[in-house]
Amino acid sequence: MKKNPDKGYVALLGWSLNAVEAAENFDRRYVVVAPDWAEDYCQKHDIPYLSWNFERLNDRSMEIAETLKEMGVDVAIPLFEETVEWAGAINAVLLDNPRLYGQALLLRDKALMKRRAQLGGIRVGIFEEAHDKDDVIRFLKRVNQTLLKLDGDPNDPIHLKAFDKAGCLGHRVIRTPDEIDTIPDEEFPVLMESHLDGWEFAVEAWIHNGKIAFLNISEYVTLGYSVFVPASPELEQYRPQITAQIEKLIKAFDIEFGLIHPEYFVTSDGEMYFGEVAYRPPGFKVFELLERAYGFNAYQATIMVFDPRATDDEVKAFFPKEVVDAKGYAGCFGVYPRRRVVSRLEIPEETEDHPYFESHELTAPLEETVTKRTAFGTHWGLVYFFGDDPHTLRDLLKHQEELDFYV
Amino acid sequence: MTTHHDDRTPDAGRLNDLLAKLDEATAILADARDFAKPGKVRRVFDTARRVMLLEGGCAAIEQRARALEEAGVFIGSDWAHPQILIPSLTPHSLKSSDADTVVLEALSELRLLAVAHGTYEHSLISAEQAHHYLTQVLAINLELLFTAPSEAERETQGRLALMTRRLFTHLAEGIGYEHVIDQLIDEIWRILQQRPIQTDPVKRMVTQIAICRANPEIDLGTSGQGADRLVSSLFGPTQACREDPGVAIYAERLQAMDAGALQYEATGFARAMHDTGLVSPYHPVLLRHLLDHGDHLLAEALGLSSTGRDCLLCYRQLVQALIEEGVHPDTAQAVYGLALTLERGILYQPPVAPALWRQIGLPLTPWSQERLRLAYGDAVSPRARLLEGVLCMLGLPLGVGQGNNPTCQSARALSMWAYNDPDYLLQMVAWAARDDEIIMHFEGQPISSMASLSGVATTLPMDLDPVSLLVVPHLDRIYAEMGRRCIGREGDPHRWVNPEFHGWWAGRGFRINVDVETGQLEALEDFLRHFYASYHPYYNGNQPLIHPQPAGIAVTDSAARFIGWHAITLLRVTLDPQDVMRAYFFNPNNDSGQDWGDGIKVSTAGNGERFGEASLPFEQFASRLYIFHYDPLERGELADITQEELDRVIGYIHRSWGADRLPANGLQAHPGCS
């Protein structure tokens, strides 16, 4: 698409083909900042490219910021958890705002993030950092004492998460002290959280000039397995409270622009508990689902709200109206093999015969033996559905958990 | 949110829903930029697959063929160039366990059907070409048209196997059954002219035709006439088994025959066998019966010439034993192998007859027996099966095929020994089958096939003739080990491996026209002049090639693109019936009739080839050659071939596998005088 020189020039940090395609079809100038393995591909397809290996921040970090500044880039957009602090560091230079780096660090560390949220008056569960297995045993005991459990009562579980990993990577649920022994030492330190019985959901909020431009609620059918957008009417009824929570978050983290992706629990009494927040596009292809449901490209939306030259009117015109403008409900299901030994991929007939079924991105198994899942791990691929009834879709997604895709 | 779906809409309704989705997915794909297309093609594949599973789905895809192709479903794959597609590759893609491969192949077929029908004018392929291509595809995949999915297919493909059947019914209706059968018959004859040892695939196809002709629901029109010889040669070559009565009844009928009737039967079988290279299961019944009826009838039933008959009379007892042990209705091809072995006169080489006696009594190791049973079943003893294989390999040394395995070197060696050194081949078979070990020497060091860990093939090949089945795994490991012992030496390891592996007659002199380090062409003119000087009768003092020589070929596809390096045997260089100098060679690949692109089509019949030989005009052959051996003591002057001829050969190279191997200085203009 023809680029408009009066609009912003953005740097995309990290390699995402869908993001590149979106930028290519948008009127903003862009450059992809990615490791050198992307270079040949970018050259072949005329994709503006700058080589950078995102390792730990070091004393060369200024170099990339200076290079981008010389190129006239206005802002850097992180596409992955690992590039969030890079974007903070780079934007501190590009936008001449040193605070942005501190903000990014806050958004990268789950323990710091929770403390900041708590300070901002947001409800969080009980949490603590663990440096070894003893810490975990102590926390599990204390949480269950607090809940007035007697010896022999089944424990309430606790959750363990890596400090700085995206989504479900490294996420474990612990119920008994024996399970603690299965945690490898190299996973420490971790963040421990009490379990909240309730409904977990995620939000994608595009923020421009400190205000919410678009707020999507993604409903998890089962955490780590399935998600759909927009949320069902039962969850959407909390939209006003959710909006208020997001506004608190914007204030607590002092966010002026960008895309945030927080997770919450809503308990049976309607109370919202903050889980965590990420300053990057969500996983599980929620952006693709949004495009399927609403027709707007969420990457372009992100470029728009990051662009310091975007006007309020422009932003307003870009986004549809939440829920009512959706053409239907789009969901996806992450497939994990259920058997220990698998030989091939076979989409269940009932799945692909369902009118909501759209497509899948599963590939044939490379190994016959399925590695036992300890943490939540990564799914083997997604299956996409689209239809016009949220309850049919929800039940359909739930039902997929009982089917074998690998046999 | 306007449309409403009912979970139980009938087929037509579901088809319409799916087609709407397909059209939407196609439009998204069409709008995507090239680099983003791979991400968008998934929805098209998934939806197209479900469409093709429904009644009328294939027709609907055919109507959308142009839109699908223009949206980019074929971009980046061979299917984007329909003019180079090869029908013989379709069975692999259509039976793939990878759904996308099957769907792509199916979409491509339906696109070509639209082209053949004239509803889609394609810039790269004409309606006639598309029609021709599809008839070949149908012929090769005939079983998809007439048989239900086998267990194996169901296991690997699930419902996809039903999709390919719907596809083929639609294709056959679009093209016409009559074209399919005639094409298939031509194809069978083309393969049979190469006289392969393994005839099972051909026999299956002939059986398909027989079934098809017997089915009153299939209107073949006037086609299928040429199938008579094929069908009858298998199921009823003579008067007494014309109606395919079964071997037991046939054996009874033989009891009642007088000499005249037996003579009639014998001639009938012999003619059918030598016409087609196929042997009917009735033929062994007659042969065994004739063991008690004198040599004349036996020679007649084998269709022997005077050479063969002499050989039979000299070695009467051996032949009797070979028939008793190795010739059964389940090993019918042994008859043909025996007949040709006698015709070759190799029994007159002193070690061959005693080696065959050893073969008859050879005890097989449990491992060898197990391998033969796994591949061929239990109908006859493993020893009889192996004996059939031995007779066929001795009779048809150029009928050896490597199957679907990367073991061209081993197949070539077996063929070369059967052709040139038959008692050595028999020794190899004995070691492999009786001892589970072969020891060969490399530069004085023994190499045992037991001690060498791995060969070129990563899994044990199964789709081979009985001899190859047992011997190739050993040879393959030894060959790989010889290669390993050359690691670190400068240049191509074949220089040392080929003569040690194949035999003393493989020339120790070695030339290669590719720099192993860089892959660039090297000293091309010298290479060619030297090759002409060694092999071309006009330049080597009119010396016919004496021993078969290993050579290396750069194989190219029908678009002249480089595919890989391949081992062949150079057998003869001589003038063909049109007075063109031709190179005749053996290609261990299962079907030598290949199109190597840029006008180079390997011929297998009609240009003076013997059974199993492939041939090319000398220039064209030279243009695909990259390795040859010569006798260093005989090396003469480089051939003084004309620059014109040299340029023609080099032109072929530069337009094909050499295109991206030009050394840097070859691209520069001649340096001026400064």
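Read the figures in this text as sums done on the coordinates, not as results from a lab. Keep in mind that this is a model prediction, so the values were computed, not measured. Virtual Cβ from ideal backbone geometry, glycine too; neighbours counted across all protein chains shown.
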So in chain A, what percent of DSSP beta bridges are antiparallel if you round to the nearest 5? 80
Could you compute the net charge surrounding B:SER108? Neighbours are other residues with a C-beta less than 10 Å from the C-beta of B:SER108; K and R count +1, D and E count -1. -3
Report, ordered by chain and residue number, the aspartates and glutamates lying within cross-link reach of A:LYS321, taken as a straight Cα distance under 15 Å and ignoring same-chain residues fewer than 8 apart. A:GLU204, A:GLU236, A:GLU291, A:ASP313
Hey, fewest Cβ within 10 Å first, where do A:SER51, B:SER306, B:SER123, B:SER232 land in order? B:SER123, B:SER306, A:SER51, B:SER232
Those trypsin sites (Lys or Arg not before Pro) from the stretch A:211-318 that are DSSP loop and have at most 13 other Cβ neighbours within 10 Å turn out to be A:ARG309
Going from the alpha-carbon gyration tensor of the stretch B:527-655, what semi-axes, largest first and in whole Å, does one get by taking the root of 5 times each eigenvalue? 21, 17, 14
Provide the three semi-axes, in whole Å and in decreasing order, of the ellipsoid equivalent to the stretch A:1-52 as defined by the square roots of 5 times the Cα gyration tensor eigenvalues. 19, 11, 9
1/(1 + (r/R0)^6) with r = Cβ-Cβ of B:ALA20 and A:ASP6, R0 = 30 Å, i.e. FRET efficiency to nearest 0.05, evaluates to 0.15
What distance in nm separates the two pseudo spin-label positions at B:GLU517 and B:GLN349, each 7 Å out from Cα along the beta-carbon direction? 4.2
Stokes-Einstein D for the stretch A:133-291 (4 °C, 1.567 mPa s, Kirkwood Rh from Cα pairs), in µm²/s, comes to 75
Convex hull over the alpha-carbon atoms of the stretch A:201-326: what's its volume per residue in Å³? 99
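What does the extension gain come out to for A:LEU112 and A:LYS251, with contour length at 0.36 nm per residue minus their alpha carbon separation?
Contour length minus Cα-Cα distance gives 48.5 nm.
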At a Förster distance of 22 Å, what's the computed FRET efficiency of B:TRP565 paired with B:ARG484, Cβ-Cβ distance as r, to 0.05? 0.80
Can you tell me, using C-alpha contacts under 8 Å and at least 6 residues apart, the relative contact order of chain A as a whole percent? 15
Dividing the surface of the Cα convex hull of the protein assembly as shown by four yields a projected area in nm² of 55.4
Work through the residues other than B:GLY337 whose Cβ is under 12 Å from its Cβ and net out their charges, Lys, Arg +1 and Asp, Glu -1. -1
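Round to the nearest 0.05 the FRET efficiency obtained for B:SER306 and B:TRP505 when R0 = 30 Å and r is the Cβ-Cβ distance.
Step by step, r from the Cβ atoms, then E = 0.50.
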How far is the Cα center of the stretch A:55-117 from the Cα center of the stretch A:284-362, in Å? 27
For the pair A:GLU39 and B:LEU662, the simple spin-label estimate (label points 7 Å beyond Cα toward Cβ) gives in nm 2.7
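Give the total of Lys-Lys pairs in chain B with Cα-Cα distances below 25 Å; include a pair only if its members are 8 or more places apart or on different chains.
Pairs that pass both the separation and distance tests number 4.
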Rounded to two decimals, what is Rg over Rh for chain A when you use alpha-carbon atoms and the Kirkwood radius? 0.96
Translational diffusion coefficient (Stokes-Einstein; Kirkwood radius from C-alpha pairs) of the stretch B:11-175 at 20 °C, 1.002 mPa s, in µm²/s: 136
Listed by chain and number, the lysines with an alpha carbon less than 20 angstrom from that of A:LYS110, same-chain partners under 8 positions apart left out, are A:LYS133, A:LYS161, A:LYS165, A:LYS248, A:LYS251
Percent of all alpha-carbon pairs of the stretch B:261-349 at distances over 19 Å, whole number, is 27
Set of lysines near A:LYS69 by C-alpha distance (under 26 Å), chain-local residues within fewer than 8 positions excluded: A:LYS2, A:LYS3, A:LYS7, A:LYS44
Based on the mean of other Cβ atoms within 10 Å per residue, sort peptides B:107-116, B:544-553 so the most packed one is first. B:107-116, B:544-553
When the helices in chain B are scored as -39500 (n - 2.57) per DSSP H run of 4 or longer and the sum is shared across all residues, what 222 nm value do you end up with, to the nearest 500 deg cm²/dmol? -16000 deg cm²/dmol
At 4 °C and 1.567 mPa s, what whole-number value in µm²/s does Stokes-Einstein give for the translational diffusion of the stretch B:350-485, with Rh from the Kirkwood sum over Cα pairs? 87
Run the Debye formula on the Cα coordinates of chain B, all scatterers equal and no solvent, and tell me log10 I(q)/I(0) at q = 0.12 1/Å. -1.39
